[in-house]
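Colleague: Please read through the structure below; I'll follow up with questions.
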Amino acid sequence: MHKFKISAPGTVFLYGDPKLEIDGHNNRCIAAGLDIRTKLEFSSPFPTVVPEKIIRIEFINLKLYLEIPLKAIYECFYDRSGVREFSSEHLMNGIKEFTKSLNIRDSICETTKEAQNLFLQSFLYLLLNVAYEEDMKLTTSILVKLSTDLPIAKGLGSTTSFIVCLAACFWRWSLLQKGIVRYTFDSQDCTKIRRHVWRCEKIVYNFKNTINNFISIYGAMVMYKDEIDMFTLDKMQPIKILIVDSNINQEITIEQLQQNMEHLDRYVDSIITRAALDKSFEAIEIFQKLRKEDQKRNNTNGLLSKILDFINMNQDVLNAGGLSNHNIEFICAIAQKYSVGCKMIGTGGYVLIFALAHVMDYEILLLKNELEFYNYHVIKTTMFCNGVRIE
């Protein structure tokens, strides 16, 4: 019997966002690990505990509960030697047909719901892909339970975090079957996990960037330009932040983004936008210095104040370009009273609040209480954190 837990963080964009990369705009971005995590519990119980061989999947946040007989998996995807050899496309076609045919009694799963359907496809793709490539045996029941503290589909890396958890889970199970027991993932493990995650994101979700999976696996800060990793900073000290839901539920569409980008070109002073782009390089240099000063245990408020200015300037540009909204600007106005940095993150209506080290905890509590008075949900957390890990 094997039993273990895995968790993986979300992603926060301090500058830029892959969703805003339209016609060459904002093809540079800075992202960091967000210590709001997806958690996975795995077990392969003894046959006496679960007599019938099944795969039990439970994802609390998606309201999904499903038991799949192993016999059905064998019939569709196995031959005498194990998992049949498939191309990625043929495997996905087989998985799609398989999920359509599922009619499992006492289950809570509607494959017509996109989020549930894509999650189930991800689960089966990773399970079968790892089983084939790593010679992982699927001969006993397995129970997999997921939950996440990340808002679903709100631009904070929730989808990637649960894919990372699944890939890490099946990778670790394959190691345990070989008698290899590790309690932390080493660099080779992370490379393997990332390869499985990248394939899954590409084939199931048609994700075109690799930023989120790098962040979720390593928990580092990264600066990207045109999908090229330009700088990576790890071993940073965690920085306290607030994540605020602006109560705007409808995401900005691609058409709206294109219109807003045209607006940005037409009306925003090009000097301001160029300054913001230049600041992205300066921000990375500041974080590099910040890491060195943290290691020396020196006072870092001067460096952090420059990051605060960078965050506020970035929000000014986004607002001038029509990418912000009334609720976000109201949150920023409240935040400014407490001398913190504030900007929208992604297109899901969430806001990042960045405080200086010398801002007292009671001041952060006052800010949190004021935002909650206006019915904004506030999450107190940190950026810079551990990546995927065994709990």
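Colleague: Could you derive backbone 3J(HN,Hα) for region 375-388 from the dihedral phi with the Karplus parameters 6.51, -1.76 and 1.60 (θ = phi - 60°), listing whole Hz in sequence and x where the residue is Gly or Pro?
Modeller: Per residue, the Karplus-derived 3J(HN,Hα) values read 6, 9, 6, 10, 10, 8, 8, 9, 10, 6, 7, 5, x, 4 Hz.
Colleague: In terms of modelled amide H atoms, which long-range or inter-chain residues lie less than 5 Å from the amide H of Cys385?
Modeller: HN-HN under 5 Å from Cys385: Gly33.
Colleague: With every protein chain left in place and a probe of 1.4 Å, what is the accessible surface of Met1, to the nearest 10 Å²?
Modeller: 110
Colleague: Moving on. Run the simple label-point estimate for Ile390 and Lys3 please: 7 Å along Cα→C-beta, distance reported in nm.
Modeller: Each label point lies 7 Å from its Cα, and together they span 1.6 nm.
Colleague: Turning to a different aspect of this structure: So what J values fall out for region 160-172 if you push phi through Karplus, 6.51 cos²θ - 1.76 cosθ + 1.60 with θ = phi - 60°, rounded to Hz, Gly and Pro as x?
Modeller: Coupling constants for region 160-172: 4, 5, 7, 5, 4, 4, 5, 4, 5, 4, 5, 4, 5 Hz.
Colleague: Round to the nearest 0.05 the FRET efficiency obtained for His90 and Ile248 when R0 = 35 Å and r is the Cβ-Cβ distance.
Modeller: 0.30
Colleague: For the pair Ser305 and Thr232, how long in nm is the line joining their label points, each one 7 Å along Cα→Cβ?
Modeller: Calculated label separation equals 3.4 nm.
Colleague: Cα to Cα, under 16 Å, and not fewer than 8 places away if on the same chain: which lysines meet these conditions relative to Lys53?
Modeller: List returned: Lys71, Lys137.
Colleague: Beyond 12 Å, what percent of the Cα pairs of region 141-192 remain? It would help to have the intermediate numbers written out before the result.
Modeller: On the way: 936 of 1326 pairs.
For region 141-192, the share of Cα pairs beyond 12 Å comes to 71 percent.
Colleague: In addition: Determine which lysines satisfy two conditions relative to Lys240: a Cα distance under 19 Å, and not lying fewer than 8 residues away in the same chain.
Modeller: Lys289, Lys292, Lys306, Lys337, Lys343, Lys368, Lys380
Colleague: List the trypsin sites (Lys or Arg not before Pro) in region 195-227 that DSSP assigns to loop (not H, G, I, E or B) and whose Cβ has at most 11 other Cβ atoms within 10 Å. Which are they?
Modeller: Lys208
Colleague: May I ask you to list the lysines whose Cα is less than 16 Å away from that of Lys100, ignoring any residue fewer than eight positions away on the same chain?
Modeller: Straight-line reach from Lys100, under 16 Å: Lys113.
Colleague: Once amide H atoms are built 1.01 Å from N in the peptide plane, which residues 5 or more positions from Gly157, or in another chain, come under 5 Å H to H?
Modeller: Hits under the 5 Å cutoff: Thr11.
Colleague: Through the Karplus equation 6.51 cos²θ - 1.76 cosθ + 1.60, θ set to phi - 60°, convert the phi angles of region 53-63 into ³J(HN,Hα) values in whole Hz; use x for Gly and Pro.
Modeller: 3J(HN,Hα) across region 53-63, in whole Hz: 6, 9, 10, 9, 10, 9, 10, 4, 5, 8, 6.
Colleague: Multiplying the sequence separation of Ser187 and Asn209 by 0.36 nm and subtracting their Cα-Cα distance, what value in nm do you get?
Modeller: So the extension gain works out to 5.8 nm.
Colleague: Counting other C-beta atoms within 10 Å, and keeping those with at most 12, which DSSP coil chymotrypsin sites (Phe, Trp or Tyr not before Pro) do you find in region 124-227? Show your work: numbers first, answer last.
Modeller: Values: sites: Tyr125, Tyr132, Phe162, Phe170, Trp171, Trp173, Tyr183, Phe185, Trp198, Tyr205, Phe207, Phe214, Tyr218, Tyr224; in loops: Tyr183, Phe185, Phe207.
In loop regions of region 124-227 (DSSP not H, G, I, E or B), the sparsely surrounded chymotrypsin sites (Phe, Trp or Tyr not before Pro) are Tyr183.
Colleague: Here is a further query. What's the FRET efficiency of Leu102 with Thr139 using the Cβ-Cβ distance as r and R₀ = 22 Å, to the nearest 0.05? Before the final figure, lay out the partial values.
Modeller: Numbers: r = 21 Å, r/R0 = 0.97.
Efficiency, rounded to the nearest 0.05: 0.55.
Colleague: Next up: Using a Förster distance of 45 angstrom, determine the FRET efficiency expected from the C-beta separation of His377 and Arg80, and round it to 0.05. Kindly include the intermediate steps, with their values, before the conclusion.
Modeller: Working: r = 53 Å, r/R0 = 1.19.
Once the sixth-power term is evaluated, E becomes 0.25.
The values are calculated or read from the model by the stated rules, or taken from the named source; none is laboratory data. As the structure is a computational prediction, the values presented were derived from the model and not from experiment. Glycine gets a Cβ as well: all are built from the backbone with ideal geometry, and neighbour counts include every protein chain shown. These area figures cover heavy atoms from the full protein model, side chains too; ligands, DNA and RNA do not enter into them. Shrake-Rupley method; radii C 1.70, N 1.55, O 1.52, S 1.80 Å.
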